[in-house]
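Just below is one structure, and these are the notes that go with it.
What follows draws every value from the coordinates through simple rules; no lab data is involved. Only a predicted model underlies this, so the values are computations on that prediction, with no experimental measurement involved. Every residue, glycine among them, receives a Cβ derived from its backbone with ideal geometry; neighbour counts consider all protein chains shown.
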Amino acid sequence: LCPAFASGRLARASSAPDTTSTSLRFAAAHARTSAWDGPDLRSSSVLILDATHASVLYSRRASVALPIASITKLMTALVVLQAEQSLDESIEITRDDIFGGRGAYSRLTLGTRLPRGDLIHLALMSSENRAAHALGRHYPGGMPALVQAMNAQAAALGMTHTHFVDPAG
């Protein structure tokens, strides 16, 4: 991360309310660092917003439309949670969960059994495609119903240029 984040100058809590805008503090912190060209991120596209003031703090290729696997997995988790299935139900990783595309590596071997809640965590925190697929297979109505629910939820959230085709992205 940038030196201001690493040193704690940016997010340090204070007992007195801070009236300085976050975006101004961000800019000031970076004015003090030499030759800083953004956070040390591997992502090809980045958008960092100050949610309080709706201002852009940093962006890299933010206007380029790209498929976002993480958003897909977030939507998968949201829809699975909305179905109110037991988070303790054990789900087995099977051949049906093998994803054969870019980023197909998985630490989940065939036959692994985990509770639904753990699969949600793995899909979100480790970007586990097999976990996302297993969640989709065990959704009420199966994978087609999950994808339909994901697209309906996207429409409800105003994501008008989004169309999901699977639970992993």
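Side notes on the structure shown:
- Using bins of 10 Å that start at zero, the share of Cα-Cα pairs per bin across the stretch 46-169 amounts to 13, 41, 31, 14, 2, in whole %.
- Most tightly packed first, judged by the mean number of other beta-carbon atoms within 10 Å of their residues, the peptides 132-143, 84-95 read 132-143, 84-95.
- Kirkwood Rh, angstrom, the stretch 74-133 [1 / mean 1/r, Cα pairs]: 11.7 Å
- D_trans [Stokes-Einstein, Kirkwood Rh over alpha-carbon pairs] for the stretch 121-169, 20 °C, 1.002 mPa s, µm² s⁻¹: 192 µm²/s
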